[in-house]
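Each remark here refers to the structure printed beneath this line.
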Amino acid sequence: MNEVIIIYAVTLLLAWPLGKYIAAVFSDGAGAGSRIFLPFENTIYSLLGVNPSEPMSWQGYGKALLKLHLVLALIVFGLLMAQGILFLNPDNIDGMSWDLALHTAVSFLTNTNQQHYSGQAQLSYLAHTFGIVTLQVVTPAAGMAALVAIVRTLLGRSGKNVQPSAGGTVSVGNFYEDITRAIVRVMLPVATAVALVLASQGVPNSYEGARTITPLDQTAEMNEQNIPIGPVAPMVAIKQVGTNGGGWYGPNSSVPLENPTPVSNFVQTVSIVLIPAALVFALGFLTGRRRLAQVIMGVMVVMSVSLTSVAIWSENQPNAAFSGLAADGPNLEGKEVRFGATATALWGSWTTQTSNGSVNGMHDSFNPIGGMVPMVDMFINVTFGGIGVGLIGYFLFLLLAAFLGSLMIGRAPEIAGKPLETKEIKLVCIALLIQPMLILGFSAVTVAFPALTGNSNPGFHGISQVIYEYTSAFANNGSGFEGLNDDSIWWNVTCAVNLALGRFIPILAPLAIVASLAAKRSAPEGRGSLGIDTATFGLMTLAVIVMFTLLSFMPVLILGPIAEALALMS
Amino acid sequence: MADSNTGSVYRSASWLSAARAALVFVLLCGGLYPFLVTTVGGMLFPHQATGSLIVIDDDIVGSELVGQRFKAAKYFHGRPSAADYDPFSVGGSNYAASNPDLRARVAEDARDIADREGVEVESVPVDLLAASGSGIDPHISPESAQLQAMRVATARDIPVSNVNDLIAQYTEGPTMGIFGQPRVNVLRINLALDGKEFLD
C-alpha cells in the first residue's frame, strides 16, 4: 500500500516542475531551454524548409499534422513489409503480411501501440528503431502540439482573452515549431534519462543478435535457450513516457528483460503518468489560469484513485479457479513474482487511464472486476489521458458541462467569455458520440459472427475480450485481453479503422471548435459568468463524465465483466 | 499546397515539408536517439546491455533475467510457464478466472506438486501454481522455495538446514523495504546448490 501512495506522490511531485518547464517551452518567443536546443532546432527547420514563426489557421495546422502522419505511415508500412530483406536484422525476421503491417503502422501512428504481433520474434532491429521508435517519439509530440495549439487559441496567454485578428482568420500557432519543440525539448530528453536508468537495471542495449545458452537442468528436455536482446532500453523508455505502450517483447513490461526489477517497475510506473499529469500543470502555467488547472487535476486524481483502488482490491482477492487448490493468496495468474498483485493492479489502472497500454501483467487473467477497471478507464480516457489528447478530451467534457451548466443557471451558454452555439455543440457531440457508436457497433457485429471473434476464453469473458479490443483501439490505448487471436484480417482492418478515427477526430474537432470560438467577439468575464475554475464546476464536469460513460457502456459492462463476476460468485 | 483564399499563410503545410519532416524525424528519433542511448548505455552497463548473462568458466549458463525449466528433484522448480520458458515465444496463459481450462490446469499441477513435496494441496503457494505473465519469470516466492527445501535436500543427500540457509541467503527483499515483493531467483539458487560460483 505504501508503494502505491509513494508512487502517486512522486509522480505528482515530479509532474509539477516538469509542467512548469513544458509551459515555458511553449511560451512566446524562443521558450525555455532555447540556449541549448534552439541552434539544433534551427537546423531542423532549415532541413524541413519551414519558417517556424509562420502563423497557421486551424485548417493549416490540421493539414500539416495529417500530412506528416500520412508520410510517416507510408514509411513505416514499407519498413514492416520489407524488413526481411533489409539490414539490422540479426535474427533473420521475415516481413509482415499486408494486414498486420497496416494495423501495426496505424496503431503506432495513432499513439496506440496495439500489437497483433510479438516484437522479439516479428520485428527486426531496423523496424523496431527507425519505424516503431520514431512513431513513439513523434506521436506524443504531435498530441502535445495539438493541445498547446488548442489551449492558446481558446484561453490565450496570461489569462488574456484571444480576440479575432483583422482578417477574421485565427492563427493557432505553427505546427512544425510546436512539434519540433515537443520532440527536442521534452520527449527526447525525458526518454533518454529514463532509458539510462532502465539500462542500469538490466534492460538490454545492444545491436547484436540473440544469445544462445545451454540450460542448467539437462533432464528438463530443453537443449538450448535463445535470449532475444537488442536496442531495447531506448524503446522501453519512450514507450513509457510517451503514452505509447508498445513493448519490445510480446508480453510487454511483464518480461524481466523489459522490466527487470522493482526499481525499473517504479520508474516505468511513474513514467506512465508523468507527462500527462505535467500537461495539466502546464495548462495552468501557460494560460495563467492556475485555479483551472488545479480543479482539472483534482477531478482527474479523484477518478484515478477511485478506479485504481477497485483494481488493487480485486487483484488481491484469490483467483476463483484456485479456490481449494492452493494456499490463500492474491490472484497471481499472469503476474510476476517480483511485482506482486498490488503493483500490477496499479500499473493496469494507470496504463489505461493514460492511453499508454503497456502492461506488467496479463489483464486477460485479472479477476473479473479487476479486468473491468481498465475497460472503464479506457471508456473515460480523460483521467490524465494520452499526451495532449487526454486534456483535449477533457476539454470536450468541459464544454459539455459548460453548456449544461449555463442552461441550468438560465444563461446563454458560454465559455471563457465566448458564446457556445450550435456549431460548437454539434462538433462536441460528434467527437463524443463517435466513441460508443464505433465501439459498440463493431463489437456487436463481431460477437454476432463467432467465426470472427477469435475468442480464447468462453462465456461472458469472451464478450469482454471483444469489447476490450475495440475500446482499446478507439481509446488509442493498446493494451488487450491478449488471449484474443487478433492477428486476422478482420481484426487488423477493423481495429485500424477504430484507431484512426479514435485519434484524429478527437484532435481535429476540438481544433475546429476553438478556432470557431476564437473568431467570435468575447464578452468580459463578469459576475454572472460561469466560473469554470471553481470546485463546483469541477464536480459538474465529473458528473458529466460519469453519466456519459455509464449511459454509453453500462449495458456491455453488465454483459461482460459483471456477469462473469456474478457467475463466479455463485 | 496553399489554400486559395489566403495565399502563403499555409505554406508550411505543404506535402514537401511533410515529407522532409518525416525523413528528418525518422533519422533523429528512430536513428540517432536509440543509437546514442544504446551506445552510452552499453558502455556504462555492459553486463546488463547483453541480457545480464551468467558466465561460468567461459560458458554462458543462463541469464539472471530469464527463468529456465527445471525438472530434476535436486533442483528448485520455477513457476508454470505458458511459453515453456522459451524467450522467443514469451507470454502468459491469458486464461480468464472463469475459464474451466485454468481450473483443470491448476488442479493437475496442485496434485503433482503436493505429491512431489509430500504436502496437502492447500499449502501450495499460489505463485507455484499460477503461470507468470512473461512465461520466463526467473523468481519464485520464498514460501515456494521453502516448500521444496526438503525434497531438494533429500535428492542431494544433504541436511535440509543447508538448503534453508541457502534460501535465506538468496531471498531478495523488497527494495528499500517498499518496492516489489520478496523473491528467490531459481537459476541462481540452483547454481549455488551445484556449488558454482556466480560471477557477473
The base-10 log of I(q)/I(0) that the Debye equation returns for chain B at q = 0.15 Å⁻¹, one scatterer per C-alpha, is -1.02
Rank B:Leu44, A:Pro140, B:Ile113 by how far each Cα sits towards the positive end of the charge dipole of the protein assembly as shown (+1 on Lys, Arg Cβ; -1 on Asp, Glu Cβ) and give me just the farthest.
-> A:Pro140
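Using +1 on the beta carbon of Lys and Arg, -1 on that of Asp and Glu, and nothing else charged, what's the dipole of region A:231-333 about the Cα centre, debye to 20?
With only Lys, Arg, Asp and Glu charged at Cβ, the dipole is about 660 debye.
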May I ask you to list the lysines whose Cα is less than 30 Å away from that of A:Lys418, ignoring any residue fewer than eight positions away on the same chain?
-> A:Lys20, A:Lys63, A:Lys160, A:Lys426, A:Lys520
Summing Lys, Arg as +1 and Asp, Glu as -1, what charge do residues with Cβ under 14 Å from the Cβ of A:Ala142 carry, A:Ala142 excluded?
-> +2
Just rank A:Tyr176, A:Tyr21, fewest to most, by other beta-carbon atoms within 10 angstrom.
-> A:Tyr21, A:Tyr176
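Report relative contact order for chain B in percent, whole number only (criteria: Cα-Cα under 8 Å, sequence separation at least 6).
Values: 247 pairs, mean separation 41.9, N = 200.
In percent, rounded to a whole number, it is 21.
Among A:Lys20, A:Lys423, rank each residue by its count of other Cβ atoms within 10 Å, from fewest to most, as a rough exposure measure. It would help to have the intermediate numbers written out before the result.
Details: A:Lys20 17, A:Lys423 12.
Taking fewest neighbouring Cβ atoms as first place, the list is A:Lys423, A:Lys20.
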Over chain A, calculate the relative contact order: mean separation of alpha carbon pairs under 8 Å at least 6 apart, over the residue count, as a percent.
-> 19
Which number do you get for Rg(Cα) / (2.2 N^0.38 Å) in chain A?
-> 0.95
So, with +1 on the Cβ of K and R and -1 on the Cβ of D and E, and no other charges, what is the size of the charge dipole of chain A about its Cα centre, to the nearest 20 debye?
-> 2540
Starting from the Cα gyration tensor of region A:397-569, multiply each eigenvalue by 5, take the square root, and state the resulting semi-axes largest first in whole Å.
-> 38, 19, 11
Kirkwood Rh, angstrom, region A:351-437 [1 / mean 1/r, Cα pairs] = 14.8
Can you give me the pair-distance distribution of region A:1-47, C-alpha pairs, 5 Å bins, whole percents?
-> 5, 19, 16, 15, 12, 10, 9, 7, 4, 1, 0
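Return the calculated 222 nm mean residue ellipticity for chain A, to the nearest 500 deg cm²/dmol, obtained by summing -39500 (n - 2.57) across DSSP H runs with n ≥ 4 and dividing by the residue count.
Numbers: 20 runs with 337 residues, N = 570.
Result for chain A, helices only: -20000 deg cm²/dmol.
Here, each number is a calculation from the coordinates, and none is a lab measurement. Model, not experiment: these values are computed from the prediction. In this analysis, Cβ positions are derived from the backbone assuming ideal geometry, glycine residues included, and neighbour counts consider all displayed protein chains.
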